[in-house]
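Some notes on the structure that comes next.
The values are calculated or read from the model by the stated rules, or taken from the named source; none is laboratory data. What you are looking at is a predicted structure, and each value in this text was computed from that prediction instead of being measured. Cβ coordinates were reconstructed from backbone atoms using ideal geometry, including for glycine residues, and neighbour counts include every protein chain displayed. The accessibility values were calculated without ligands, DNA or RNA, using every heavy atom of the protein model including side chains. Shrake-Rupley method; radii C 1.70, N 1.55, O 1.52, S 1.80 Å.
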Amino acid sequence: MEEALELLKGAYDLHVHSGPDILPRKLDDLEMAERLLKIGMKGYGIKSHYFCTAERAKLINKLHPGFHAVGAIALNNSVGALNPLAVEMAARDGAKIVWMPTFDATNEQEHFKSSKPEKLPHWAKLQMELIEQGKTTSSITVLENGSLKKSVHEILDIVAQYNLVVATGHLGIQEIYAVVSEAKARKVKKIVITHPNFPSIRLSKEQQKELVDLGAYMEFCFTTPHSKKTTWEEVYEQIRYVGPRNCIISTDLGQPNGPYPDEGLVEFVTNLLNNGFSKEEIQVMTKENTAYLVES
């Protein structure tokens, strides 16, 4: 554990579901920042499926000069879906990460309906309630007749203009390839494939490598193997195949019954150390690549 903690000094976790939020969370931003400061981490990305978090990040950073909470926006229905103006305002407010649709993505909705989980996650309960009340239609795709929608082109131009990170959220494989290819064409420098081993996405290692060759980073999240949506062995294999230089690791934690995000990151780093990854490779994934994405 001490070795893992040492490797996390100056690191970021760019995928944290802290509160306050619509869904119940294990901790709020105040506690999250305090926990990371205690172990010497540099900052974290605040992810809400519902709102832009740039203003929350500003307050945390004012409380802790030198710390770097990172604001973000997820393009779900609560911000107008694929809404270029929402991205423009988020950028002007200091957000650094733009997630394509997550649980409102058509791909995620179709997977959820076909997989029929025994226990509904909190987001799904809320989603079903809103759909039953006629308050959302939920499903969002970036494609129309096989091509990217005009609004996605506009969003990518804004991402490029402000040097933001575009992350693929819960899009399907065809959508991911389309977004990454167009992002590259529109001079977007920072592209992240969100948990490529997530059940509704399931990119093969070969597909991941193709996307890396187009300029994307693979984001491997702690919760995916921790919740048995994939295996740790598959995570190690995929990171090795695409190369640590092309990866970041994060947690996707904040759920009330899960570990604290810092605990999950320590466990992730410990697992990597115990399975043949060097300290240098781990620091590339936790410090160098994450800092490039949100600082440069």
Task: residue 130 paired with residue 1, simple spin-label distance in nm, labels 7 Å along Cα-to-beta-carbon - done: 3.9 nm
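Which pairs in the list 38/229; 116/190; 113/187; 42/62; 58/187 are over 25 Å apart, alpha-carbon to alpha-carbon? Before the final figure, lay out each step's value.
Values: 38/229 31 Å; 116/190 34 Å; 113/187 36 Å; 42/62 14 Å; 58/187 28 Å.
Going by Cα-Cα distance, 38/229; 116/190; 113/187; 58/187 fall outside the 25 Å limit.
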Task: Percent of beta bridges antiparallel (DSSP, the chain, rounded to nearest 5) - done: 5 percent
Open item on the list: From the phi angles alone, apply the Karplus equation (6.51, -1.76, 1.60; θ = phi - 60°) to segment 287-296 and give each ³J(HN,Hα) in whole Hz, x where the residue is Gly or Pro.
Closed with: 10, 5, 5, 5, 5, 4, 5, 10, 10, 7
- [ ] Could you tell me which trypsin sites (Lys or Arg not before Pro) in segment 41-77 are loop residues by DSSP with no more than 12 other beta carbons within 10 angstrom of their beta carbon?
- [x] none
- [ ] Arrange the residues 245, 35, 92, 202 by how much accessible surface each exposes, largest first, with a 1.4 angstrom probe.
- [x] 92, 245, 202, 35
- [ ] Please work out the FRET efficiency for the pair residue 9 and residue 145, using the Cβ-Cβ distance as r and a Förster radius of 51 Å; give the result to the nearest 0.05.
- [x] 0.55
Open item on the list: For the pair residue 227/residue 113, report the inter-label distance in nm, with labels modelled 7 Å from Cα in the Cβ direction.
Closed with: 2.1 nm
- [ ] Apply 1/(1 + (r/R0)^6) to the Cβ-Cβ distance of residue 237 and residue 93, taking R0 = 45 Å, and write down the FRET efficiency to the nearest 0.05.
- [x] 0.70
Open item on the list: 5 Å is the cut-off here: which amide hydrogens, built 1.01 Å from N in the peptide plane, fall below it relative to residue 167, excluding neighbours closer than 5 in sequence?
Closed with: 98, 99, 100, 192
